[in-house]
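Below is one structure; the comments refer to it alone.
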Amino acid sequence: LAAPPVLAAAAPPVPAWVPTGCRGAQGRFAYKLLHDLFANYSSALRPVEDTDRALNVTLQVTLSQIIDMDERNQVLTSYLWVRQAWLDAHLAWDKDAYSGIDSIRIPSSYVWRPDIILYNNADDRFGGSMETNVVLRSDGHIMWDSPAITKSSCKVDVSYFPFDGQRCRLTFGSWTYNGNQIDLRNRLDTGDLTDFVENVEWEVLGMPATRNVVTYGCCSEPYPDVTYTLLLRRRASFYIFNLLLPCIMVSFLAPLGFYLPADSGEKVSLGVTVLLALTVFQLLVAESMPPSESVPLIGKYYIATMTMITASTALTIFIMNIHHCGPGARAVPPWARRLILHHMARLCCVYEVGESCKSPRRVPRRREGRGDTGVPGESSGEGEMGAEQGGCPRDHCLCHHDGLLRNVSYIASCFRRHRAAQRRTGEWKKVAKVMDRFFMWVFFLMVFLMSVLVLGQAD
């Protein structure tokens, strides 16, 4: 189509709907210019003089706001300003012939527009740009700025949640015109972030733009597109204070179950309560994460902590069984007495009542070599009876009657068995206490190391 000739005839009468302020010379020439430009114009055809040549279209995207990032559905909702510019060979005029009018603003529906759309659109309503005006200049250049709220698909990787970063791509291209008809190019090497409104959850690190030429399987012609890569980094403060720190504090309660007295009856209850609390936190995280094979970092921390608490509860049950060994229990094996009651007790500072880490250790059970009676003065009493037995005739002393000797021997043996049972029970209780203190420090160290590893990912 050829450009419409500039009419030199007199201006047509101004219609009644034109405002009074536009009835001056400038208003009459603007109305005449609009009438002359679109007298024989069609917005359905590509506006080029040579149909074999491609029309250059430049694209510039300004990111105004990130409205929402739906990690579970992997959809990014953003507010963009899209600027498209091209040359319409049929809409040029001589500005001197129209009182120096260099540009006019008209509805975008009046002119031909490239069908540039967002390829990775995830909106179920397929909403496009707003029907805003275009700026038409005298040399035929058209600039179309239109705001748009877009929903784009974004592959979300939550492996390091809540210290993760995302790369969301916005790919723009023509839907029907190939590269031989429309040559789409990016105006700048990066998206415009000057008017960006800061997001409370995401920090924008950059928005580089690249031009790609793709040949699809359906067609042999190349299709150019412009891809803007939005580099995002999550602000982790909210998740640290609401999900991570409560989990760490609850996790430090689990080793304290070993410090509780075994007779309190609350050792197992504390472990089960902490396990339930961590399960609630894990469910809160799982509801917002996409169901993928990659487990987030905080989810791994929850699983590791829950495994540790499960192991601590099982160990608590085992240690309580050792603590409540009855009088009929076997004696502590020599290796356990040497390893647990000597070395581990000294390492964990577990001593008898009245002793401390600074008190000198007594040599235990020094009376065991003397009949293992455990009764002070018992051996000396028997020695005195033996002396009396040797110095007093048996027929003239009532204390040497056979019945009395049997009774005294029975009472002494019962007392020895009772003391031996008490000693065995006390040793098993001390074994349980030493194991409690040992595992308490081991699990404290495990919780500390896991917390440091998780918080270290913030760097």
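The values are calculated or read from the model by the stated rules, or taken from the named source; none is laboratory data. What you see is a predicted model; the values in this text were computed from it and never measured. Quick reminder, even Gly has a Cβ in these numbers, built from the backbone with ideal geometry, and neighbours come from all protein chains shown. Ligands, DNA and RNA are stripped out before the accessible areas are found, and what is left, the full protein with its side chains, is counted by its heavy atoms. Shrake-Rupley method; radii C 1.70, N 1.55, O 1.52, S 1.80 Å.
On the stretch given as the stretch 184-202, residues that are outside any loop (DSSP other than H, G, I, E, B), closer than 17 Å to LEU59 by Cβ and open to solvent by 30 Å² or more (accessible area, probe 1.4 Å) total 4.
Taking the stated definitions as given, is ASP115 free of Cβ contacts under 8 Å to residues at least 12 places away in the same chain and within 43 Å of the chain's Cα centre (by Cα)? Against the criterion (free of Cβ contacts under 8 Å to residues at least 12 places away in the same chain and within 43 Å of the chain's Cα centre (by Cα)), ASP115 does not qualify. Among the numbered conditions (1) in contact with a helix residue (DSSP H, G or I) (Cβ under 8 Å, 6 or more places away or on another chain); (2) open to solvent by 50 Å² or more (accessible area, probe 1.4 Å); (3) of a type in the set (S, T, N, Q), the only one that ASN180 does not meet is (1). The set of residues from the stretch 279-302 being hydrophobic (A, V, I, L, M, F, W, C) and either free of Cβ contacts under 8 Å to residues at least 12 places away in the same chain or closer than 19 Å to LYS155 by Cβ (or both) comprises VAL280, LEU283, MET289, VAL295, LEU297. VAL285 - would you say it is of a type outside the set (D, E, K, R), part of a helix (DSSP H, G or I), loosely packed, with under 13 Cβ neighbours inside 10 Å and not assigned by the TED database to the domain that holds TYR79? No: the conditions fail for VAL285.
Selection of the stretch 241-260 for residues being more than 28 Å from ILE319 (Cα to Cα) and free of Cβ contacts under 8 Å to residues at least 24 places away in the same chain yields PHE241, ASN242, LEU245.
The sole residue among ALA209, ALA262 that is small (Gly, Ala, Ser), more than 27 Å from the chain's Cα centre (by Cα), open to solvent by less than 50 Å² (accessible area, probe 1.4 Å) and outside the structural domain of VAL75 (by the TED database) is ALA262. For the stretch 212-244, the set of residues classified as open to solvent by 70 Å² or more (accessible area, probe 1.4 Å) and assigned to a strand (DSSP E or B) consists of VAL213, ARG233, listed by residue number.
Candidates in the stretch 122-146 are the residues that are in a loop (DSSP other than H, G, I, E, B) and within 14 Å of ILE106 (Cβ to Cβ); of these, the one that is modelled with the lowest pLDDT is GLU131.
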